[in-house]
Amino acid sequence: MDIVTRAGEIQLARQESGFRVSKKGTTDLVTEVDLECERMCRDILAERFPDHEVLAEEGGASEKRGSRWRWVFDPLDGTTNYAHGLPIFSASLGLEIDGRTEVGAVYDPSRRELFTAERGKGARLNGVPLKTTDTSVLIDGLLVTGFPYGALRASGDLLEIFGAFILQSRAVRRLGSAALDLCYVAAGRFDAFWEQHLKHWDVCAGILIVEEASGRVTGTDGAPFTPAAGHLIASNGPLHEEMLRVIRECRAGGTRPRTGAT
């Protein structure tokens, strides 16, 4: 998992030396750093594991289709933050074996924080075991969310759900890096995270880190999360059913206002 720390060092170095930014869409940015980190990852994995498939944000899937082993890499999660000099970004790498994530790592170079997990062996931050919170009432929960690019076009219920959680929780934050959002749930910094229209590379490693820290992850409908759908709730566990309830009520056309702080 040294790949994510190498990517983080590239990110920090290029902040000092400068980089070019271009647009993938109306609001979606890509930098030279995304591409440089992805090339580095692909080169290392091709040398170490020539029979493994690689799926990464900028270049898509490699030609090794059908392999039992697939690495899922986000070279720079939080590109918009990075491009604006906001130090909330990360590199994320997960290893799937037969379609199930077995190892995950997320590195935050700005804070020198390496989040790791191996299935059945727990989650760690710089080697220290992680455990989610025991918050059991939504009004006491600190939540985090994100919005997809082209959010208003993507789904008509995004703002309604956001507003409902503002009213029914202690507070809602928005960091701009889904990988770190998940890791912060695992670390107990947030009680729960929800987001729609996520991509596989955004969450592959982070989901395992949450689950190995005793958290719970599902789709926003309560079914198992699938990358094809991309709608996710990750929680400490005790808050999960309340999170699902709020989303269900919004989609049914009604919520029950409660007092919270923003």
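The residues listed here are 65, 70; of these, the one that is in contact with a strand residue (DSSP E or B) (Cβ under 7 Å, 6 or more places away or on another chain), modelled with pLDDT of 95 or more, farther than 13 Å from residue 7 by Cβ and outside any helix (DSSP H, G or I) is 70.
Quick one: is residue 222 out of contact with any Phe, Trp or Tyr (no Cβ under 6 Å at 6 or more places or on another chain), closer than 21 Å to residue 160 by Cα and crowded, with 18+ Cβ neighbours inside 10 Å? It is false that residue 222 is out of contact with any Phe, Trp or Tyr (no Cβ under 6 Å at 6 or more places or on another chain), closer than 21 Å to residue 160 by Cα and crowded, with 18+ Cβ neighbours inside 10 Å.
The strands (runs of 3 or more DSSP E) found wholly in region 110-203 and carrying at least 1 residues that are among the small types (Gly, Ala, Ser) and modelled with pLDDT of 95 or more occupy 113-118, 123-125, 171-173, 192-195.
Close contacts from region 27-43, counting a first residue that is under 24 Å from residue 147 (Cβ atoms) and charged (D, E, K, R) and a second that is at pLDDT 85 or above and assigned to a helix (DSSP H, G or I), with Cβ to Cβ under 7 Å and a gap of 6+ residues or different chains, come to 34/79. Could you go through region 172-187 and let me know if any residue there is surrounded by fewer than 18 Cβ atoms within 10 Å (Cβ to Cβ) and of a type outside the set (Lys, Arg). Checking region 172-187: not a single residue is surrounded by fewer than 18 Cβ atoms within 10 Å (Cβ to Cβ) and of a type outside the set (Lys, Arg). Just to be sure, is residue 230 assigned by TED's automatic domain parsing to the domain that holds residue 185, at pLDDT below 95 and more than 13 Å from residue 132 (Cβ to Cβ)? Against the criterion (assigned by TED's automatic domain parsing to the domain that holds residue 185, at pLDDT below 95 and more than 13 Å from residue 132 (Cβ to Cβ)), residue 230 qualifies. Once region 88-109 is narrowed to residues that are touching a helix residue (DSSP H, G or I) at 6+ places or on another chain (Cβ under 7 Å) and outside any strand (DSSP E or B), the residue that is surrounded by the most Cβ atoms within 10 Å (Cβ to Cβ) is 89.
The values are calculated or read from the model by the stated rules, or taken from the named source; none is laboratory data. None of the values given here were measured: they were computed from a predicted structure. In this analysis, Cβ positions are derived from the backbone assuming ideal geometry, glycine residues included, and neighbour counts consider all displayed protein chains.
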